[in-house]
Amino acid sequence: MVFAKQQENHMTTLSEIEKAVGNLRDQDYSEFRRWFLEHDWNKWDAQIASDSAAGKLDFLIKEAADAKTKGTLKNL
């Protein structure tokens, strides 16, 4: 029951946010979009940093090292 209540609140909140965003004036929408994109990138950066610190991206370093050893590593 608690989960259903939480989901119900989330959906109401999400619906309210969607409606509010849909009703923004053009200038306010542009400012909101700029803020949200920056917010989203900050969350992404934090997740990448967390994954890297936890070793979840170590396979990428290994793949690059293996490609360099094989001579198949390409310069960007």
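What follows is calculated from the coordinates using simple rules that are stated; it is not laboratory data. None of the values given here were measured: they were computed from a predicted structure. Cβ coordinates were reconstructed from backbone atoms using ideal geometry, including for glycine residues, and neighbour counts include every protein chain displayed.
Within the same chain, aspartates and glutamates fewer than 8 places from Lys56 are excluded, and of the rest, those with a Cα less than 15 Å from its Cα are Asp45.
When exposed loop sites are taken as trypsin sites (Lys or Arg not before Pro) in a DSSP loop with at most 16 other Cβ atoms within 10 Å, the longest stretch of the chain clear of them is 26-55.
Scattering from the C-alpha atoms of the chain alone, worked out with Debye: what is log10 I(q)/I(0) at q = 0.15, 0.25 1/Å? Summing over Cα pairs of the chain leads to -0.80, -1.06.
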